[in-house]
Amino acid sequence: MGRSERGDEVERERMPYVQIDTNLWAVMRYPRDHPVAMILGVANRDNVPLFFVQQWHPEPSKRRVISQHDTLEAANASVLWDLEKVEAAGRTRVGPPNGVTTSQT
């Protein structure tokens with residue numbers, strides 16, 4: 001596995017999306033029990049791929065397009081994390097990073 005492949009793998013793990021159909025991806029963030037957005041891939045008349053980010057709704061007819069991108073990665077990166085939940089989880093994990101202990105003298 002090359003350097004760029006490892007970087008791609010880390011990026012996918014950090015910002016997960018799951019392909020659920022040929023041209024449809026579910027974008028997973030928080031909460032983890034359902035997608036927060038869907039990405040729909042289509043091609044225009046010139047066969048140029050376009051990726052539309054849709055707000056999540058369980059009923060497909062109620063999903064609305066919120067942005068358009070040239071690549072799947074750009075579309076995925078446009079879906080932000082709910083930082084309030086991420087920061088709340090971080091506050092519950094108190095202590096120094098990587099198990100470093102501090103000694104008071």
Residues satisfying the stated conditions in segment 42-58, i.e. within 19 Å of Met28 (Cβ to Cβ), touching an Asp or Glu at 6+ places or on another chain (Cβ under 9 Å) and free of Cβ contacts under 8 Å to residues at least 24 places away in the same chain:
none
May I ask you to list the residues in segment 62-76 that are assigned to a strand (DSSP E or B) and either in contact with a Gly (Cβ under 6 Å, 6 or more places away or on another chain) or loosely packed, with under 12 Cβ neighbours inside 10 Å (or both)?
Val65
Give all pairs with beta carbons closer than 7 Å in which a residue from segment 59-72 that is free of Cβ contacts under 8 Å to residues at least 24 places away in the same chain meets a residue that is among the hydroxyl-bearing types (Ser, Thr, Tyr); count only pairs at least 6 apart in sequence or on separate chains.
Ser67/Ser78; His69/Ser78
Looking at segment 68-77, is at least one residue of a type in the set (Asp, Glu) and modelled with pLDDT of 95 or more?
yes
Test set (1) of a type in the set (Val, Ile, Thr); (2) in contact with a helix residue (DSSP H, G or I) (Cβ under 8 Å, 6 or more places away or on another chain); (3) at pLDDT 95 or above - Val27 fails condition number
(3)
Given the conditions (1) modelled with pLDDT of 90 or more; (2) assigned to a helix (DSSP H, G or I), and given that Glu9 satisfies all but one, which numbered condition is not satisfied?
(1)
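The values are calculated or read from the model by the stated rules, or taken from the named source; none is laboratory data. As the structure is a prediction and not an experimental result, all values here were calculated from the model. In this analysis, Cβ positions are derived from the backbone assuming ideal geometry, glycine residues included, and neighbour counts consider all displayed protein chains.
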